[in-house]
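Inspection log for the structure reproduced underneath, given as structure tokens.
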Amino acid sequence: MKINLRWQALLALLGFGLVLALLSYQTQTAQIQTANLCATRVPAFGGTLAEGIVGAPQAINPLLSDTYPVDRELVSLIFDGLTRYDENGQLVPALAQSWSASEDGLTLQFQLRQDAAWHDGEPFTADDVLFTYRLLQDPLFPGPAALKTLWQSVAISQTGPFSLEIVLPTPYAPFLEATTRGILPKHALEGTTAVSLPSSAFNRAPIGTGPFMVAPDQDWERDHRLSLTPNPAYWREGTQIAALEFRFYPNEDALLSAFAAGNIQAVNRVSQAMLPAIAAKPGTRLFTAAEPYYTTLLFNLTDSGAPALQNVAVRQGLAYGLDRDKLVDEALNGQGLPLEGPYLPSSWAYNPALLTPYASNSITATARLDEAGWLLPEGGNVRQQDDESLRLRLITLNDATHKALADGVAAQWSAVGVAVDVVTAVSSEDLRNSLTAREFDVALVDVSPSKDPDLYDFWSQEAIVRGQNYGGWNNRRASEALESARNLWPLAERKPFYDIFLRRYNADLPAITLYQHVYTYALSDAVHEAEIGRITTPRDRYRTLHDWFLLYQDVTINCADNTD
């Protein structure tokens, strides 16, 4: 048989051409598909946000943290109380679901949440609350005496697995603030007494119910760092950042160096001294919020104070003689907020309409001092009355900030004819002793008012003898208003009494509030989508943590048609 090679060759060529066509078609299709896909970067889970802070914890325990700033920061993140204050200064539920007061105002009934759990998974119950409050009532409890006295004055009983009752000796509305203190887990501290509580291993690896949990197997005393992980029961929508690590530094220089080197991405509590260096670092974001305390000039209105201060016109003249904005700018790098009166704007008792705004006015200052009979002699620089010079002793702490403020006050009052001798106290204890002994005419002090507007221990007549009314302001109507307000539970009934108090305070001017403190938090631009709003407790700065992230990942998406 004769083989026709030409036809076989032709068929082979046709087949080869078909294969090439098919391959070409597949290649073109793949190119078209590739052309419809895009690579993009999206947030990725992971990474640790390293936050630096000056100092180190002593004991991470809500019963022992009052005098330690770092401890208070961590306790706020790890523990919950029965109640908490919202950004409007009002109590809202935390571990308590609800509460009520009896008609006679003596009994508080608490209903607790039944869905709360400790970080180790154990359920939260009234047993934990009773255990915590019994420690506070123990005569050997090592905490502040006033705290122990408060809790020893009440009777506490458990009325059910998720309910309890607190009976007070007299109606006392400010008591509810005490229920914001963090609760301890009974099962993790079984057998621990008030005496042994400070040495408990629990304080180095605590278990709470709050938004962050202490990661296991850590030794922050040795490593100078503590890792916290988000509590999934709190962050139900999840977080992109895997952990928050606190790193503890001995001083601000070490903290600044760590931030400049990129070893940490956040600086907790930027002081006014640190601010210029932090702000100069490229890629730094600064967030500021009002702090819950202020600095004031307290007048000594007792016989041990300068006689001139007994005249309210002199005190008003001194108020008008101050340029508080200038003081804040020069001594604090602008890190202070204007404030009048004894209440913070976050308090529901705050009422600026009842307070005189003492804007700097040298003409009015001069007029008030002249009205009081303190006149400048011809050619003189210091005001006089009956051959007595208007000279004041101004006491303050001996640190850079307070000394700069005191010197600024002295210079401004000198400009209106008032001589000031600045006296510095070496320590807070020395300052407190001088205040108690009333060895001052004017005192520059920091005030941390309670979140409840009860200022009885600061300004009542009783507080002159047993309290912190160091200036000795003796106003019967103001004192009675404070006493009446603390005996009522409804806010609407308490508010009118605080308005009375504010009117008397404004009329007598026993102190001049200089400014409200500012908290500054620094973040590197390595932390993305971070926004921080009002901060009333340390945990508030992480309110939007679910949006923050550190890492990206590349993903491919279909971008076929994005044209209109």
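Observations on the structure shown:
- Residue in segment 516-529 that is of a type in the set (Asp, Glu) and outside any helix (DSSP H, G or I) present: yes
- The single residue among Leu91, Leu112 that is surrounded by 15 or more Cβ atoms within 10 Å (Cβ to Cβ) and without any contact (Cβ under 8 Å) to a residue 60 or more places away in the chain turns out to be Leu112.
- Filtering segment 296-307 to residues that are among the small types (Gly, Ala, Ser) and within 22 Å of Leu327 (Cβ to Cβ) leaves only Ala306.
- Taken together, Leu551, Leu491 contain a single residue that is over 25 Å from the mean Cα position of the chain (by Cα) and surrounded by 14 or more Cβ atoms within 10 Å (Cβ to Cβ), which is Leu551.
- Odd one out for Tyr498, checked against (1) of a type in the set (Ser, Thr, Tyr); (2) at pLDDT 95 or above; (3) not in a helix (DSSP H, G or I): (3)
- Qualifying positions in segment 438-466 - under 25 Å from Gly105 (Cα atoms), within 25 Å of the chain's Cα centre (by Cα) and either crowded, with 19+ Cβ neighbours inside 10 Å or modelled with pLDDT under 95 (or both): Pro449, Ser450, Lys451, Asp452, Pro453, Asp454, Leu455, Tyr456, Phe458, Trp459
- Any pair with Cβ under 9 angstrom, 6 or more apart, that starts in segment 369-381 at a residue that is without any contact (Cβ under 8 Å) to a residue 40 or more places away in the chain and in the same structural domain as Leu309 (by TED's automatic domain parsing) and ends at one that is assigned to a strand (DSSP E or B) and among the aliphatic types (A, V, I, L, M): Asn381/Ala419
- Being within 19 Å of the chain's Cα centre (by Cα) and either closer than 29 Å to Asn268 by Cα or not in a helix (DSSP H, G or I) (or both) holds for only one residue in Gly105, Gly121, Gly52, and it is Gly52.
- Test: residue in segment 257-264 that is more than 30 Å from Gln516 (Cα to Cα), at pLDDT 95 or above and surrounded by 19 or more Cβ atoms within 10 Å (Cβ to Cβ): no
- Residue check: Asp71 meets all listed conditions (1) of a type outside the set (Phe, Trp, Tyr); (2) part of a strand (DSSP E or B); (3) modelled with pLDDT of 90 or more but one, namely (2).
- Here Arg393 fits the description: within 21 Å of Leu301 (Cα to Cα) and touching a residue at least 60 places away in the same chain (Cβ under 8 Å).
- For beta carbons closer than 8 Å, sequence separation of 6+ or different chains, a first residue in segment 272-283 that is modelled with pLDDT of 95 or more and a second that is among the basic types (Lys, Arg), there are no qualifying pairs.
- Residue that is surrounded by the most Cβ atoms within 10 Å (Cβ to Cβ), among those in segment 171-229 that are part of a loop (DSSP other than H, G, I, E, B) and of a type in the set (Asp, Glu): Asp219
- Within segment 498-532, the set of residues being in contact with a helix residue (DSSP H, G or I) (Cβ under 7 Å, 6 or more places away or on another chain) and of a type in the set (Phe, Trp, Tyr) comprises Tyr498, Phe501, Tyr505, Tyr515, Tyr521.
- Filtering segment 504-544 to residues that are in contact with a strand residue (DSSP E or B) (Cβ under 7 Å, 6 or more places away or on another chain), basic (Lys, Arg) and buried (at least 18 other Cβ atoms within 10 Å of the Cβ) leaves only Arg541.
- Where helices (runs of 4 or more DSSP H) fall entirely within segment 252-339, those with at least 1 residues that are outside the structural domain of Ser360 (by TED's automatic domain parsing) are at 252-260, 275-280.
The values are calculated or read from the model by the stated rules, or taken from the named source; none is laboratory data. Keep in mind the model is a prediction, meaning the values are calculated, not measured. Here Cβ is always computed from backbone atoms with ideal geometry, including for glycine, and neighbour counts include all displayed protein chains.
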